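Comments concern the structure below.
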Amino acid sequence: MMQQPITDYQQDESGHWVAQLVCGHNQHVRHAPPLESRPWVLSAAGRAGMLGYLLECRKCDEGAPTDARPG
């Protein structure tokens, strides 16, 4: 699976955090134990500390077009 670094974050309409990846895709980064343990997403310092972290990007594997970015 293709891995892409996190470049920034945004919140969706429900207030959930979404990572923006260098490839142009977006990916939710929820902390919802026991399924997903990402306590770092709960604080600004935690999110900042994960910039550059590699996430698996299924959209890259599927050849999906880039996602819309806030602007």
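The values are calculated or read from the model by the stated rules, or taken from the named source; none is laboratory data. Only a predicted model underlies this, so the values are computations on that prediction, with no experimental measurement involved. Heads up, the Cβs are rebuilt from the backbone with ideal geometry, glycines too, and the neighbour counts pull from every protein chain shown. Quick note on the areas: whole protein, heavy atoms, side chains included, nothing else; ligands and nucleic acids left out. Shrake-Rupley method; radii C 1.70, N 1.55, O 1.52, S 1.80 Å.
Between Ser43 and Arg30, the contour length at 0.36 nm per residue exceeds the alpha carbon distance by 3.5 nm. In this simple spin-label model, placing a label point 7 Å from the Cα along the Cα-to-Cβ direction at both Gln11 and Asp67 gives a separation of 1.6 nm.
Only four residue types carry charge here, +1 at the Cβ of Lys and Arg and -1 at the Cβ of Asp and Glu. Report the dipole size of the chain about the Cα centre in Debye, rounded to the nearest 20.
Details: 6 positive and 8 negative charges, 34 e Å.
It works out to roughly 160 debye.
Surface composition of the chain: carbon and sulfur atoms hold 53% of the protein heavy-atom accessible area at a 1.4 Å probe. Farthest toward the positive end of the dipole of the chain, out of Gln20, Ser37, Gly63, is the Cα of Ser37, where the dipole comes from beta carbon charges about the Cα centre. A helix-only calculation puts the chain at -3500 deg cm²/dmol for mean residue ellipticity at 222 nm, using -39500 (n - 2.57) for each DSSP H run of at least four residues, averaged over all residues. Taking every alpha-carbon pair in the chain and binning the separations at 10 Å intervals from zero gives 20, 54, 25, 1 percent.
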